[in-house]
1. What do you reckon, is Ile270 of a type in the set (A, V, I, L, M, F, W, C), assigned by TED's automatic domain parsing to the domain that holds Val184, surrounded by fewer than 21 Cβ atoms within 10 Å (Cβ to Cβ) and in a helix (DSSP H, G or I)?
2. Give me the pairs, please: first residue somewhere in region 220-231 and under 15 Å from Asn187 (Cβ atoms), second residue anywhere and assigned to a loop (DSSP other than H, G, I, E, B), beta-carbon distance under 6 Å, and either six or more positions apart or on two chains.
3. What's the total number of residues in region 100-152 that are part of a strand (DSSP E or B) and small (Gly, Ala, Ser)?
4. Tell me whether region 237-252 contains one or more residues that are closer than 20 Å to Phe66 by Cβ, in a helix (DSSP H, G or I) and out of contact with any helix residue (DSSP H, G or I) (no Cβ under 6 Å at 6 or more places or on another chain).
5. Can you name the condition, by its number, that Glu36 falls short on among (1) in contact (Cβ under 8 Å) with a residue 60 or more places away in the chain; (2) in a helix (DSSP H, G or I)?
6. Mind telling me which of the residues Lys285, Lys353 ends up being at pLDDT 80 or above, surrounded by fewer than 13 Cβ atoms within 10 Å (Cβ to Cβ) and among the basic types (Lys, Arg)?
7. Return the pairs, sorted by first residue and then second, in which the second residue is of a type in the set (Asp, Glu) and in a loop (DSSP other than H, G, I, E, B), the first residue lies in region 109-127 and is at negative phi, the beta carbons are less than 9 Å apart, and the residues are 6+ apart or on different chains.
8. Have a look at Gly56, Gly49 and point out the one that is assigned to a loop (DSSP other than H, G, I, E, B), modelled with pLDDT under 95 and on the phi > 0 side of the Ramachandran plot.
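The values are calculated or read from the model by the stated rules, or taken from the named source; none is laboratory data. These figures come from a predicted structure and were not determined experimentally. All Cβ positions, glycine included, derive from the backbone under ideal geometry; neighbour counts span all protein chains shown.
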Amino acid sequence: MTATSEPRAAAPPHGLTRDQLLELYYWMRLTRTLEERLMALYRQTKVVGGLFRSLGQEACAVGSAFALQQGDILSPLIRNLGSMLVKGALPIEILRQYMAKGDSMTRGRELNIHIGDLERGFIGQISHLGDMVPVMAGVALSFKLRKEPRVGLAYVGDGATSTGAFHEGINLAAVQRVPLVVIVENNGYAYSTPTEQQTAAKWFVDKAPGYGVVGAQGDGNDVLEVYRITKEAVDRARAGGGVSLLEFLTYRRKGHAEHDNQSYVPPGEIEKWARENDPVDRFMKVLTETFGFAAAELDAVDERVRTEVDEATELAERSAPPEALDALNGVYGDPAVMPALWYREGVRSAVEKHERAQGWGTFNG
């Protein structure tokens, strides 16, 4: 190499292509930008309910979900929006859901990311943390029983590992050797409880031998390491190797939800993580300095993300709230059955007319 020659860019690792490296950056940037937009809408009181952000944890969700194939199913938690985006959820769907719009995926019935689409590969979470591990154990068991080459992936936080559901779910999955990957996102806090008050074990991955499963730990703020470790676990599960318990070390730079002021965090801790270990900044540096991407290429991705989020926001704000009477749809097995007793007097006659036309008779009361 001559003194004036440029250093040669490294080849993409772990079987990835240059296009896939740029795609990983796109998903991480989209996750952060969409959550920033949700924060702005929350402060305008346009978000209904709480807002749970993954600031500082984007690499965990994106890198792990990117390791899955079409047909695999994941179960996100409140800080795994990025995994849903990778699996095909659209920004406008997320915005409508958070804003409880009538044309949201749950028609204004549910909060934030309590949504699912089996065809795209994600299922709606249960609020009780840890409960998705036994659910996903059952999902993965169905793959095994049907001899389908599919894998399930469940996310939990450090606090969820203290629940009985976590233990029962991973133990069942381990005994049945189902194709399941369980990811513990060790972000330092379960709401306001520090990790050292959650477990006497040094690391959560130390629990893996007790269940008889494979364990691995990695840097949760390094999207490429998250991808590599998860891909190895997913491939092992698909090949019949059973359950893996993965621990990714990361940090939650926002509170449990937007209303949490994080008064329990030692001074300077959040700023230190933001300055030294931001997953998006780290990956940008790797892309330009190691893999030779030009700054203009990353700027183009940033612009694409801004445009997509702006357009999705405009459309979502135009959406109407749910119709009040729509709350009665889907209550019964036959959604067409509408009990007149529950309706305001002003609409009872219309309901009764509809019932007579169907030959149902009317409800008394």
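1. Spelling it out, Ile270 is indeed of a type in the set (A, V, I, L, M, F, W, C), assigned by TED's automatic domain parsing to the domain that holds Val184, surrounded by fewer than 21 Cβ atoms within 10 Å (Cβ to Cβ) and in a helix (DSSP H, G or I).
2. Cβ pairs passing all conditions: Gly220/Thr250; Asn221/Thr250; Asn221/Asn277.
3. Qualifying residue count for the region: 1.
4. Taking every residue of region 237-252 in turn, at least one turns out to be closer than 20 Å to Phe66 by Cβ, in a helix (DSSP H, G or I) and out of contact with any helix residue (DSSP H, G or I) (no Cβ under 6 Å at 6 or more places or on another chain).
5. Glu36 satisfies all of (1) in contact (Cβ under 8 Å) with a residue 60 or more places away in the chain; (2) in a helix (DSSP H, G or I) except (1).
6. Lys285
7. From residues that are at negative phi, the pairs are Gly124/Glu110; Gln125/Asp131.
8. On inspection, the qualifying residue turns out to be Gly49.
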